[in-house]
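Right, one structure below, let's go through it.
The values are calculated or read from the model by the stated rules, or taken from the named source; none is laboratory data. Bear in mind that the values here come from a model prediction, so they are computed numbers and not experimental data. Cβ sites come from the backbone with ideal geometry, for glycine too, and all protein chains shown count toward neighbours. Side chains are part of the model used for accessible areas, which takes the heavy atoms of the whole protein and leaves out ligands, DNA and RNA. Shrake-Rupley method; radii C 1.70, N 1.55, O 1.52, S 1.80 Å.
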Amino acid sequence: MKLRLGVLVSGRGSNLQAIMDASAAGALDAEVEVVVSDKPDAPALRRIDEADPKIPGVVIERNAYPTAEAFDDAIADVLEKHGVELVVLAGFMRILGSGFVRRFQGRIVNIHPSLLPSFPGLHAQKQALLHGVKVSGCTVHLVDETLDGGSILAQAAVPVLPDDTEESLSERILKEEHALLVGVIRGIGAVKETGGPR
Ligand code: GRF
């Protein structure tokens, strides 16, 4: 049985693309059931139409709801309606509250462009350059109520080169993000299939 995914996005959508590509190629036993964007103009939404117009792309804007909790609930309702088993935050630029986290406890993953716990939050690649680290990378972690603070599931390291710019480092990390995120989703699907470690 394919793992049923709900992917939350806010922007470019290259991680979403990696998931859809792997799934279409049969390299990932998972299906994107729904994509939720908090930005109506997110390029990620256009990628769905090109990849598979049958995947629904739902826009849920924060300013359409009186409270953060109501916004979170609206997203959670859509995910539940589509029978989502794993929620993937792929460049989703909002923090989800404890109500949302409880509804999908242990079933939300996020991809972050640094080796956490170093450089949580925004502009992780720039933070890495400013600190002069020689190695950076990306992390897939479980989402809890803290910012980029949940249990780490997997990491990939990349070198930081002397002449790196934010763009060149981000690009090197992004390639690893795509493989790492797909790999973690594959692993979670495999655990579901076998009923977990014995
Ligand atoms: C990625 O760098 C991801 O790690 C971060 O936001 C970026 C999203 O990129 N959370 P994309 O929208 O998947 O192309």
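Remarks
- Out of PHE92, PHE104, sole residue that is open to solvent by less than 20 Å² (accessible area, probe 1.4 Å), aromatic (Phe, Trp, Tyr), within 12 Å of the ligand (Cβ to nearest atom) and within 15 Å of the chain's Cα centre (by Cα): PHE92
- Residue list for the range 121-150, restricted to those being more than 11 Å from the ligand (Cβ to nearest atom) and either part of a loop (DSSP other than H, G, I, E, B) or of a type in the set (Phe, Trp, Tyr) (or both): GLY132, VAL133, LYS134, VAL143, ASP144, GLU145, THR146, LEU147, GLY149, GLY150
- Among the residues making up the range 1-30, those that are within 16 Å of the ligand (Cβ to nearest atom) and open to solvent by 60 Å² or more (accessible area, probe 1.4 Å) are ARG12, ASP21.
- Qualifying residue in the range 156-171 (condition: under 14 Å from the mean Cα position of the chain (by Cα) and in contact (Cβ under 8 Å) with a residue 12 or more places away in the chain): no
- Pairs, first closer than 15 Å to SER23 by Cα in the range 42-53, second part of a loop (DSSP other than H, G, I, E, B) and more than 12 Å from the ligand (Cβ to nearest atom), C-beta under 7 Å, six or more apart: ILE48/ILE55
- Test: residue in the range 60-76 that is within 16 Å of the ligand (Cβ to nearest atom), modelled with pLDDT of 95 or more and over 20 Å from HIS178 (Cβ atoms): no
- Every condition in (1) buried (at least 17 other Cβ atoms within 10 Å of the Cβ); (2) farther than 18 Å from LEU180 by Cβ is met by GLY137 except one, and the failing one is (2).
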